[in-house]
1. Return the lysines within reach of Lys51: Cα separation strictly under 16 angstrom, same-chain partners fewer than 8 residues apart disregarded; answer none if there are no such residues.
2. How large are Rg and Dmax for the stretch 1-121 when calculated on the C-alpha trace, in angstrom?
3. Normalising by the residue count of the stretch 72-135, find the relative contact order in percent from Cα pairs under 8 Å and 6+ residues apart.
4. Give the calculated FRET efficiency between Thr47 and Ser124 to the nearest 0.05, with a Förster radius of 22 Å applied to their Cβ-Cβ distance.
5. Normalised by the number of residues in the chain, what is the relative contact order in percent for Cα pairs under 8 Å and 6+ residues apart?
6. Please give the calculated 222 nm ellipticity per residue for the chain, where each DSSP H segment of at least 4 residues contributes -39500 (n - 2.57) and the sum is spread over every residue; nearest 500 deg cm²/dmol?
7. Which three lengths, in whole Å and largest first, does the stretch 75-193 cover when its Cα atoms are put on their principal axes?
8. Order these by the 10 Å Cβ neighbour count, fewest first: Ile65, Ile147.
Amino acid sequence: MARTKQFDKHTALDEAMELFWQRGYHATSIQDLVDHLGVNRQSLYDTYGGKDQLFLAALERYREIQAAPVRRLLERDGPAREILRDFFRSFVEALLSEDCRGCFMANTATGLAGHDEAVAQVCSANARQFEATLSGLLVRAQQAGEIPAKRSPLKLARFLMNTMNGLAVTAKATRDRKVLNDVVDVALATLDP
C-alpha cells in the first residue's frame with residue numbers, strides 16, 4: 001500500500017512560491033526549500049520532480065493568484081482611463097510598499113526567461129493573457145468612443161504592459177513615487193485622441 005504524503009502539496013507550493021519570490025531561483029537551494037517547507041527531500045522530489053519543476057509550478061501558481069484580481073479590475077464597467085488609472089495607482093502602491101519584492105513574473109522574466117525555455121513559455125503565456133485582458137478593455141473603450149478608431153487596442157495594450165514592466169524595474173531603482181506617477185501619466189496620455 002502506498003504511503004500518504006506527510007504534507008499538503010498546495011500549501012507547500014504556496015510557501016515555495018513565496019520563498020522563490022523572496023530569494024529568487026538561483027539563491028534558493030533544495031535544502032532551503034526542504035527547511036522552509038518542513039518536508040523531507042524525497043517527498044519534495046516525489047511530488048514536484050525537483051527544483052526546476054517546483055519553480056515552474058510556483059510561477060504558474062503566481063499567475064493563477066494574480067490573474068483573477070487583475071481581470072476583475074480591468075473588466076469592470078466604467079471609462080477606460082479611470083479603470084487604467086486605478087489599476088496603475090494600485091500597482092505603484094504595491095511596488096512602493098515596504099514589503100514589496102517586485103512582481104514575481106517580471107523578476108523571473110528579467111532574470112531567467114532569456115536562459116530557460118520553460119520559464120520563457122510561462123512568462124510568454126502570462127503576457128498573452130494580460131495582453132488579452134488589456135486589449136478587451138481598450139476595445140470596449142474604442143467602441144464607446146473613448147479611444148480614437150485609428151488606434152490599435154492591441155498595440156496600446158502591449159505598450160501599457162511594457163510600461164508596467166518598466167515601472168517594476170524603475171521602482172526597484174528609484175523608490176520615487178513622483179517618478180512612477182509621471183510615467184503613468186505619460187502612458188495614460190497615449191489614450192488621448
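1. Lys9
2. 17.1, 60
3. 25 percent
4. 0.25
5. Normalised by residue count, the contact order of the chain is 20 percent.
6. So the calculated ellipticity at 222 nm is -23500 deg cm²/dmol.
7. Taking the Cα atoms of the stretch 75-193, the three principal extents are 41, 34, 22 Å.
8. The fewest-first ordering by Cβ neighbours comes to Ile65, Ile147.
We did not get these values from a lab; they are worked out from the coordinates using the rules stated. Bear in mind that the values here come from a model prediction, so they are computed numbers and not experimental data. Note that we place each Cβ from the backbone using ideal geometry, even for glycine, and neighbour counts take in every protein chain shown.
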